[in-house]
Amino acid sequence: LLKGHNGAVNSLSFRPDGKVLASASADRTVKLWSVPAGQRLDTLSQPTKEQTSVIFSANGKQLFAAGGDNRIRVWTISADAKEGTNPIITSRFAHEGTILNLAQSIDGKMLASTATDQSLKIWNAADLTEKLPLEPQPDWSSAVTFTDKAQLIAGRVDGSLGLYDSATGKPIAIAIPPKRGAQVSKAPAKPELT
């Protein structure tokens, strides 16, 4: 049992080597934990509001976190991740609304972020510079992930999905669910020939 947060835990991420777990919390902190021992290694307390998402970089040397203060923060994580060895390297204002989620491409070169202002952005992960904003979303994109072809998929609160080309930001496909309570129309019956 891992104890140490004073608020809801909103997101978890394992370092690729499986030895360190990061947790993002409503208590405005990101914590690092030893696996499997379960001891707290460090508390990253730079955020000023609730943290909603945390992910390790593909190589495990950096940690990205974001949340209610509209910023994406990046820390360098040492091999042992012990307290005092994980300096913050970037704190970038990213969205006008609370950041809901982060995702990184499989090759580690791109980072995606979504927010309550219905924005969806792709960033260069190496220096956290904005690569391109995507079209405004029809609802909050609470889920986001990259495909193995580096396309970006956004899952929205209204049940719809959007698939985007991460190089251009252009939509590839959009899946829209039927409205709640709406009846599915049936094709009219074919007239009988007499």
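If you take the beta carbon distance between ALA167 and SER142 as r and set R0 to 22 Å, what does 1/(1 + (r/R0)^6) give as a FRET efficiency, to the nearest 0.05? Intermediate values should be presented prior to the final figure.
Values: r = 24 Å, r/R0 = 1.10.
The formula returns an efficiency of 0.35 here.
Only Cα pairs within less than 10 Å get springs; with that Gaussian network setup on the chain, which residue of VAL157, VAL20, VAL54 has the largest fluctuation?
VAL157
Viscosity 1.002 mPa s, temperature 20 °C: what is the translational diffusion coefficient of the chain from Stokes-Einstein with a Kirkwood Rh over Cα pairs, rounded to a whole number of µm²/s? List each step's numbers first, then the result.
Working: Rh = 17.9 Å.
Stokes-Einstein gives a translational diffusion coefficient of 120 µm²/s.
Output needed: percent of Cα pairs per 10 Å distance bin for region 17-125, bins running from 0 to the one holding the longest distance.
For region 17-125, the binned pair fractions read 16, 49, 31, 5 percent.
Could you order HIS95, HIS5 by accessible surface area, starting with the largest, using a probe radius of 1.4 Å?
Per-residue accessible area, sorted high to low, gives HIS5, HIS95.
Would you mind computing, in nm to one decimal, how far apart the modelled labels at LEU132 and THR43 are, each placed 7 Å from Cα along Cα→Cβ?
A separation of 4.2 nm, rounded to one decimal place.
Which whole-number percentage describes the relative contact order of the chain, with Cα contacts under 8 Å and a sequence gap of 6 or more? Don't skip to the answer; put the middle values down first.
Values: 473 pairs, mean separation 20.4, N = 194.
RCO, the chain: 10 percent.
Could you give the length gained on full extension between PHE14 and VAL35, defined as 0.36 nm per residue of separation minus the Cα-Cα distance, in nm?
On the way: separation 21, 0.36 × 21 = 7.56 nm, distance 0.91 nm.
This chain segment gains 6.6 nm when fully extended.
Would you list PHE14, PHE93 from the most to the least accessible area, probe 1.4 Å?
Working: PHE14 125, PHE93 100 Å².
Per-residue accessible area, sorted high to low, gives PHE14, PHE93.
Net charge near ALA154, counting Lys/Arg +1 and Asp/Glu -1 over other residues with Cβ under 12 Å of its Cβ?
Numbers: positive: LYS121, ARG156; negative: GLU135, ASP139, ASP158.
Summing Lys/Arg as +1 and Asp/Glu as -1 gives -1.
Let me see the P(r) profile for region 108-161: every Cα-Cα distance counted, bins of 5 Å, each bin given as a percent of all pairs.
Bins of 5 Å from zero give 5, 21, 31, 24, 14, 5, 0 percent of pairs.
Quick one: length gained pulling ASN6 to LYS109 fully straight, 0.36 nm per residue minus the C-alpha distance?
Length gained, ASN6 through LYS109: 33.7 nm.
Count the net charge of all other residues whose Cβ sits under 14 Å from the Cβ of GLY7, scoring Lys and Arg as +1 and Asp and Glu as -1. Display every interim value, and only then the final one.
Values: positive: LYS3, ARG28, LYS31, LYS49; negative: ASP27, GLU50.
After counting each charged neighbour, the total is +2.
Can you tell me which of ALA81, ALA37, ALA26 moves the most in a GNM of the chain? Springs connect C-alpha atoms under 10 Å apart.
Fluctuation is largest for ALA37.
Subtract the Cα-Cα distance of SER78 and SER91 from 0.36 nm times their separation in residues, and report this length gain in nm to one decimal.
Details: separation 13, 0.36 × 13 = 4.68 nm, distance 1.84 nm.
Contour length minus Cα-Cα distance gives 2.8 nm.
Taking all pairs of different Cα atoms in region 14-54, averaging 1/r and flipping that mean, what Kirkwood radius in angstroms comes out? It would help to have the intermediate numbers written out before the result.
Working: mean 1/r = 0.0961 Å⁻¹.
That comes to 10.4 Å for region 14-54.
The values are calculated or read from the model by the stated rules, or taken from the named source; none is laboratory data. Since the structure is predicted, the reported quantities are computational estimates derived from the model, not experimental observations. Virtual Cβ from ideal backbone geometry, glycine too; neighbours counted across all protein chains shown. These area figures cover heavy atoms from the full protein model, side chains too; ligands, DNA and RNA do not enter into them. Shrake-Rupley method; radii C 1.70, N 1.55, O 1.52, S 1.80 Å.
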